[in-house]
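What follows is a single structure, written as structure tokens, with notes after it.
Just so you know, all these numbers are worked out from the coordinates, no wet-lab data involved. Here the structure is a predicted model, which means the values were calculated and not measured. Glycine gets a Cβ as well: all are built from the backbone with ideal geometry, and neighbour counts include every protein chain shown.
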Amino acid sequence: MKNMMSLLNKKTVLIGLIGFLFITFVLASVFIDNSQSDFDLGTYNNTLYNSSVGSGAVQLNLSFNNGTYTSQIFSTGSNVSLNNLSWEYQRIQCPEGMAYINKLNGYCIDKYEAIALNSDGSWHEESDNQEWRATGTNSTATLLAAGGYAGSKAGYYPWVYISANDARTACSRAGKHLCTSEEWLAASNLKNTTTGQAQYFNLPTTLSASPYYCVVDSSTDCAGESPGSGNACKTGGCTDNEGCGNCVSLEGVYDMTGNVWEWTNETVGYTSPPSGTTSYWNGTAWTTSGAAGTATYGNDATYFSSGTVTGKAVLRGGDWSLGARAGPFCAYLGSGPAVTYYNVGFRCCSS
């Protein structure tokens, strides 16, 4: 009897030890990924670990449209079933000619200022072998009546002589919408050629020079070749004198600074600031002094109508003649949405 009791006690101890080891093993096999080193044990594909987001997060590499992350797999060395945590993200797939902007919950914007396309998708040319299309209000009205719509391609003259109202129609026909002022600004950075990063502030005063070659001083860049009157150049930052420059955003959006003004899908009312109809924001107040505009905003100008007005459309970016006054923060608030002119174009966005 004594031997049997001893055997039972040993068996009980053994079972308890096995239970303890099992619980210890289970607890030890629980993985908690909460640091860069933990996540680096997994497998990344077009993704990265960003420690600055909350307590840390895996995010899509913005150079790609999709990506995956698979966490580390623990192996016991025996025949067991393992379940690993996998994560996959698919962002908006932008159509050809558009770029993805990872702001405002994500959207697509035309890489180039809009060009006029016929209903069959061909480029709309005027008569007499001119490489211009929709150069007047009558041409625009005729084109839209025939089912024409907005396109986004490099190497073409931008669609000008079009009102904000008709620009909405042209974008809608393309399955898009006229960009809002907020969408436009969110995409308007210039790619810093030294750091490779997006840059809105502290841009050089002379953006027409190397390395950007933005079309903001183009009295000779594209003289006599642009639609109607003026010196607008072809889409894609291409000039006659300098070739195709770097007036492009980090996401690959061209000519948001200069070339032609661009309509946005917004109207405003305001009382003109006391500093005049052409003003600069110096960070605290409006001023007419270029020096007081500060380098932060690049001396980008805002144009107002005199007095108190309502229903004025918002044009952005500036045109070929504005020099230092053009830029991401440049805006013209003096025209209604029905106005057309040879230096005013647009581009489209989509959700």
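Brief remarks on what is shown
- Inter-part distance, segment 304-351 to segment 136-197, computed on C-alpha centroids, equals 13 Å.
- Of Arg316, Arg173, Arg325, Arg347, the sequence from fewest to most neighbouring Cβ atoms within 10 angstrom is Arg173, Arg325, Arg316, Arg347.
- Ordering Ser152, Ser279, Ser119 by the number of other Cβ atoms within 10 Å of each residue's own Cβ, fewest first, gives Ser119, Ser279, Ser152.
- Remark on Cys244: its backbone amide H falls under 5 Å from those of Thr239, a criterion applied only to residues 5 or more positions apart or on other chains, H modelled at 1.01 Å from N.
- Simple label model, 7 Å out from Cα along Cβ direction - Val309 to Val268, nm: 1.2
- Built amide H within the under 5 Å cut-off of Val58, gap 5+: Asn50
- Set Lys191/Lys234; Lys103/Lys234; Lys103/Lys176; Lys103/Lys191 screened for pairs whose C-alpha atoms are more than 25 Å apart: Lys103/Lys234
- Across segment 167-173, coupling constants 3J(HN,Hα) worked out from phi with the 6.51/-1.76/1.60 Karplus curve, θ = phi - 60°, read 5, 4, 5, 4, 6, 4, 5 Hz, and Gly and Pro carry x.
- For Asn282, nonlocal amide neighbours, meaning residues 5 or more places apart or on other chains whose placed amide H falls under 5 Å from its own, are Thr287.
- Between Ala198 and Asn246, full extension at 0.36 nm per residue minus the direct alpha carbon distance yields a gain of 16.0 nm.
- Each of His124, His177 was scored by other Cβ atoms within 10 Å of its Cβ. Arranged with the fewest first, they read His177, His124.
- Scalar couplings 3J(HN,Hα) for segment 267-276, obtained by applying the Karplus form with A = 6.51, B = -1.76, C = 1.60 to θ = phi - 60°, are 10, 9, x, 6, 10, 4, x, x, 6, x Hz; x denotes Gly and Pro.
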